[in-house]
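Written below as structure tokens is the structure these notes are about.
The values are calculated or read from the model by the stated rules, or taken from the named source; none is laboratory data. Predicted model only: the values in this text are computed from it and were never measured. Glycine gets a Cβ as well: all are built from the backbone with ideal geometry, and neighbour counts include every protein chain shown. Side chains are part of the model used for accessible areas, which takes the heavy atoms of the whole protein and leaves out ligands, DNA and RNA. Shrake-Rupley method; radii C 1.70, N 1.55, O 1.52, S 1.80 Å.
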Amino acid sequence: MKMRLHLRMALVILALIASSMVVSSAAAGGGEPVIKQVQVKAVYLYNFLHFVTWPDQEEKEEKVVKVIGVLGDQELGRSLTELARRLRQRGRTTIKVILYNSYRPDLDFSACHILFIGRSQADNFKMIVARLKGRPILTVADVRHFLSAGGMIELVKMEGRIRYQVNLSAARTAGLRLSSQLLESALTVIKPMPKED
Amino acid sequence: MFWRDVSIKHKLTLILMLTSSLTVLVACLAFYGLVVNHFQKVYKRDMNNLALIVGSNCKAALMFDVPEDAGVVLATLKGRKSVRQVILYDKQGHVFASYKASALKGTSVKEICSFSRKIILDDGTYVGRIVIEDDMRDMARGRRQILLILLLVGVGSLFSAFWLSAILRNVVSKPLLSLTEMVKRIAAGDFQFKKCSSMRGRDEMGVLCSAFVEMNKRLRDSHERLEEYNRTLEGRVAARTEELQNAMDDLRKSQAQLVQSEKMAALGQLVAGVAHDINNNISFIAGALPNIKRMTNELVVEMAENHKASPAWQMHLDIVSLLANAEEGVRRTKKIVQDLNAFSRSSHGQLVPVDIHAELNNIINLLRYECRDKAEIIRDFDPDLPVVYCQRDHMGQAYMNILLNAIQAIEKRGTIRLKTWPAGGKAYISFQDNGSGIEPEALEYIFDPFFSTKPVGQGTGLGLSITYNIVKNHHGKIEVHSAPGRGTEIVIILPVEPCKKADEEDGGVGGME
Ligand SMILES: Nc1ncnc2c1ncn2[C@@H]1O[C@H](COP(=O)(O)OP(=O)(O)O)[C@@H](O)[C@H]1O
Ligand SMILES: [Mg+2]
């Protein structure tokens with residue numbers, strides 16, 4: 001039930017943010033009142049926090065500030081920052097957003113719980129994923145073949161909606177526990193090899 | 001105690017209690033069965049649904065092999081207190097996740113009911129199985145509660161049945177009781193009550209009661225009539241007895257009169273014979289006596305000249321007085337014989353119209369020497385007195401006898417009142433003196449022959465009996481009113497018209513006082 005509660009809560013927040021954004025965009029200078037894809041992505045990222053359990057995380061430490069890293073996607077970074085500000089205003093679980101412009105080998109992502117890799121980094125994501133393999137950082141991207149490269153969640157645009165695919169085996173290898181509900185809602189799930197039978 | 005001896009009151013109560021308790025028992029059992037059955041069904045459906053829901057919530061966890069999520073889902077059953085244990089098996093049959101309720105104390109295996117359900121995906125693949133073990137104690141408790149409620153309902157309905165039977169008892173048994181009481185009282189002979197306590201209504205009891213009251217009324221009426229009859233019976237019997245007594249007395253009286261007249265007739269014949277003989281013999285003496293007297297006188301004249309001083313002279317004097325005595329004896333004997341003849345004389349004789357006043361004057365004239373300085377005769381004759389048909393010399397003798405008695409009853413001086421009057425076709429002739437009167441004891445014998453209170457030589461006792469016979473022969477009556485020391489009144493009542501009939505019913509002796 002707890003999961004559902006979270007899901008519902010997330011949806012509520014989604015609606016909340018969306019409406020606020022509509023208002024803000026309308027105030028900003030007209031334009032059609034359409035929720036932008038980037039905003040939806042931001043909410044997705046925020047929601048993933050609730051369906052993933054990190055190895056060092058204990059159940060009761062929900063209030064711990066989660067860190068979302070955004071690599072090479074300025075727009076998404078701004079949306080997330082805005083979301084974080086609103087959440088803080090409402091006294092919700094706060095998140096921290098770290099923006100990375102582009103990949104550099106010296107960048108250490110160990111502070112991040114989630115790392116989003118933007119399209120601008122399409123050339124680098126394989127290397128990044130390889131570098132982060134086995135480390136408890138949920139890697140998310142909206143580039144093709146991300147999963148096959150060893151990424152964990154790939155956002156896919158389908159029929160005008162944003163869906164996702166999950167590489168469960170990569171997540172398990174990294175010591176992350178993904179909620180079955182998250183998995184259930186996924187388009188596809190790459191499962192690890194079944195245990196010995 | 002037999003069923004028939006039980007009072008209706010108790011019968012009613014018993015039957016009511018029995019039927020109601022039976023009904024309640026059956027209803028309770030049926031209800032209990034239904035409810036328990038229903039509860040069990042609902043319970044099973046519930047549990048199956050629960051297993052289904054929980055199982056499908058665990059689908060994803062099983063699919064993606066996330067036992068933690070399954071554990072979280074199973075743990076949600078914590079809210080259901082009766083669930084003891086939930087085990088989730090994966091498709092290989094290994095325990096995938098489980099949940100165990102913390103408080104497991106006092107739960108025996110028997111009370112645990114387990115529900116198992118396969119978990120199958122939409123595409124039909126079998127991913128696992130869920131087993132929920134539920135504590136049936138709640139069920140049992142629920143059953144017990146229902147039983148308790150049913151018990152309460154049963155007891156309550158029994159009480160209400162008892163109460164109803166009490167009411168019924170009042171409705172049926174009470175009037176019955178009062179009826180019984182009434183009937184008992186009737187049976188004991190008490191008809192004095194008029195109301196039945198429960199006769200107000202128009203139901204069967206009311207009708208019965210009023211019928212009983214009506215019956216009782218009739219019974220009472222007839223009873224009272226009977227009692228009234230009984231009360232008056234004695235009086236009526238007494239009256240009837242008196243009537244009978246009177247009739248008897250009359251009978252005895254008339255019998256006595258019959259005997260009297262028979263006696264008289266026989267006596268009459270006897271007396272006639274005796275009188276005839278005495279008359280014959282007396283006529284010898286009477287014939288001889290004048291001669292003896294004459295011869296004695298001649299003898300004395302002869303002796304007077306020769307033997308005046310001889311003792312025979314003295315004897316001659318004695319003879320003269322003796323002769324006088326003999327003469328007197330003959331005279332009296334003749335008188336008696338005359339009386340006897342009159343007494344025995346048969347009733348034949350001519351009926352002639354007689355003026356009674358003239359007849360009475362005649363007799364007073366005959367008796368004027370007898371009553372010379374003793375009795376004053378007062379005549380109080382009614383000139384309207386008609387001529388009466390009778391045997392003239394017989395009636396004259398009757399008047400004579402009565403008048404002589406009246407004169408003899410007067411000792412020194414007195415009055416004799418003769419009174420006549422007509423009334424109702426009859427002639428009344430009354431002789432009233434203020435002489436000695438008649439003693440009551442003597443009153444009933446004065447008409448008997450030879451009854452006399454007078455010294456021998458003075459009374460023969462035939463006077464009134466002769467008079468009685470004469471009046472009877474005239475179909476008349478004699479009444480006597482007398483009081484000792486005050487006087488006597490004798491009334492002769494004669495029919496004016498000559499009576500043809502030989503015997504008349506009122507020819508007897510009149511009322512004697
Ligand atoms: N007028 C009378 N007063 C009183 N006694 C009477 C009278 N007439 C009759 N008696 C009574 O009745 C009796 C019967 O009367 P009666 O037959 O004439 O017989 P007698 O005169 O010879 O005695 C009388 O002895 C007398 O006692
Ligand atoms: Mg006389």
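Descriptive notes on the structure:
- Between B:Asn325 and B:Ser7, the simple label model (points 7 Å from Cα in the Cβ direction) yields a spacing of 11.3 nm.
- Buried solvent-accessible surface, both chains (A, B), 1.4 Å probe, Å² to nearest 100: 1200 Å²
- In segment A:162-180, comparing the full protein assembly with the chain on its own, the residues that lose 20 Å² or more of accessible surface at a 1.4 Å probe are A:Arg172, A:Arg177, A:Ser180.
- The label-point distance for B:Met303 and A:Thr173, in a model that sets each label 7 Å from Cα toward Cβ, rounds to 23.3 nm.
- Relative to the dominant Cα principal axis of chain B, helix B:137-168 is inclined by about 10°.
- In segment B:45-93, the residues whose accessible area drops by at least 20 square angstrom when the other protein chains are added to the isolated chain are B:Asn57, B:Ala60, B:Met63, B:Phe64, B:Asp65, B:Val66, B:Glu68, B:Asp69, B:Val72, B:Thr76, B:Gln92; the probe is 1.4 Å and only protein heavy atoms count.
- For B:Lys100, the accessible surface of its heavy atoms amounts to roughly 120 Å² (probe 1.4 Å, protein chains only, rounded to the nearest 10).
- Ranking B:Leu16, A:Leu176 by solvent-accessible area of protein heavy atoms (1.4 Å probe, all protein chains present), from largest to smallest, gives B:Leu16, A:Leu176.
- Computed E for B:Lys263/B:Thr333 - FRET, C-beta separation, R0 22 angstrom, nearest 0.05: 0.35
- Solvent-accessible surface (1.4 angstrom probe) belonging to B:Glu243, in square angstrom, nearest 10: 110 Å²
- Length-normalised contact order for segment B:2-164 - Cα pairs under 8 Å, 6+ apart - percent: 26 percent
- Of all beta bridges that DSSP places with both ends in the protein assembly as shown, some 70 percent have antiparallel geometry.
- Positive-end residue of B:Thr13, B:His94, B:Phe2, charge dipole of segment B:1-112 with Cβ unit charges: B:Phe2
- About the Cα centre, charge dipole magnitude for the protein assembly as shown (Lys/Arg +1, Asp/Glu -1 at Cβ), debye: 9200 debye
- What you get for segment B:12-86, charging only the Cβ of Lys and Arg (+1) and of Asp and Glu (-1), is a dipole of about 160 debye around the Cα centre.
- The A:Lys126 and A:Arg90 beta-carbon pair, evaluated with R₀ = 41 Å, returns a calculated FRET efficiency of approximately 0.60.
- Overall form of chain B per C-alpha gyration tensor (a/c, 1.5; a/b vs b/c): prolate
- Solvent accessible area, Å² - B:Cys390, 1.4 Å probe, full protein context: 0 Å²
- Full extension of the chain between B:Leu317 and B:Ala187 gives 36.0 nm of extra length, using 0.36 nm per residue less the Cα-Cα distance.
- Its alpha carbons considered, the protein assembly as shown gives a radius of gyration followed by a Dmax of 83.7, 255 Å.
- Among B:Gly124, B:His38, B:Leu164 - extreme Cα towards positive end, dipole of segment B:2-164, charges at beta-carbon: B:Leu164
- Where only DSSP H runs of four or more residues are counted, chain B gives -20000 deg cm²/dmol as its mean residue ellipticity at 222 nm, each run worth -39500 (n - 2.57).
- Principal-axis tilt of helix B:8-57 within chain B, Cα atoms, nearest 10 degrees: 10 degrees
- The Rg/Rh ratio of segment B:2-164, with Rg taken over Cα atoms and Rh as the Kirkwood radius over Cα pairs, comes to 1.30.
- Across B:Leu151, B:Leu219, the residue with the most accessible area heads the list, and the full order at a 1.4 Å probe is B:Leu151, B:Leu219.
- Signed unit charges on C-beta, dipole axis of the protein assembly as shown, positive-most listed residue A:Leu80, A:His145, B:Cys58: A:His145
- Accessible area in square angstrom per residue, the protein assembly as shown, 1.4 angstrom probe: 60 Å²
- The stretch between B:Ser283 and B:Val26, if pulled fully straight at 0.36 nm per residue, gains 78.4 nm over its current Cα-Cα span.
- If R0 equals 22 Å, the separation of the Cβ atoms of A:His145 and A:Ser102 corresponds to a calculated FRET efficiency of about 0.65.
- Simple point charges give the picture: +1 on the Cβ of Lys and Arg, -1 on the Cβ of Asp and Glu, and for chain B a dipole about the Cα centre of about 5360 debye.
- Virtual spin-label span in nm between B:His94 and B:Asp384, 7 Å along Cα→Cβ: 17.2 nm
- Hull volume in cubic angstrom per residue (convex hull over the Cα atoms of segment B:348-509): 117 Å³
- Here the gap between B:Leu404 and B:Asp221, fully extended at 0.36 nm per residue and compared with their Cα-Cα distance, gives a gain of 58.8 nm.
- On Cα atoms only, tilt of B:174-187 relative to the major axis of chain B in degrees: 20 degrees
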